[in-house]
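Derivation of every value follows stated rules applied to the coordinates shown; laboratory data play no part. These numbers were taken from a predicted model, which means no experiment stands behind them. Every residue, glycine as well, gets a Cβ built from its backbone with ideal geometry; the counts of neighbours run over all protein chains shown.
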């Protein structure tokens, strides 16, 4: 179900005020083996790293 959802491109949408559709395989930032945008993967990895740092500080 999630694959059928229209995804927006964070790169082409910058400054437009309009969510531009992700071109998927046609984009250089698209990682085809995981079917995700590299921008999403970078942000997700940063979030995981931040969560780990917060857990370490709380201990």
Please arrange 53, 26 by how many other C-beta atoms lie within 10 Å of their C-beta, fewest to most. 26, 53
Taking just the alpha carbons, could you work out the radius of gyration and Dmax for the chain, both in angstroms? 14.7, 45
What is the helix-to-structure angle for 38-58, meaning the angle in degrees between its Cα long axis and the longest Cα principal axis of the chain, kept from 0 to 90 and rounded to the nearest 10? 10 degrees
Can you give the relative contact order of the range 2-58 as a percent, counting alpha carbon pairs under 8 Å and 6+ residues apart? 19 percent
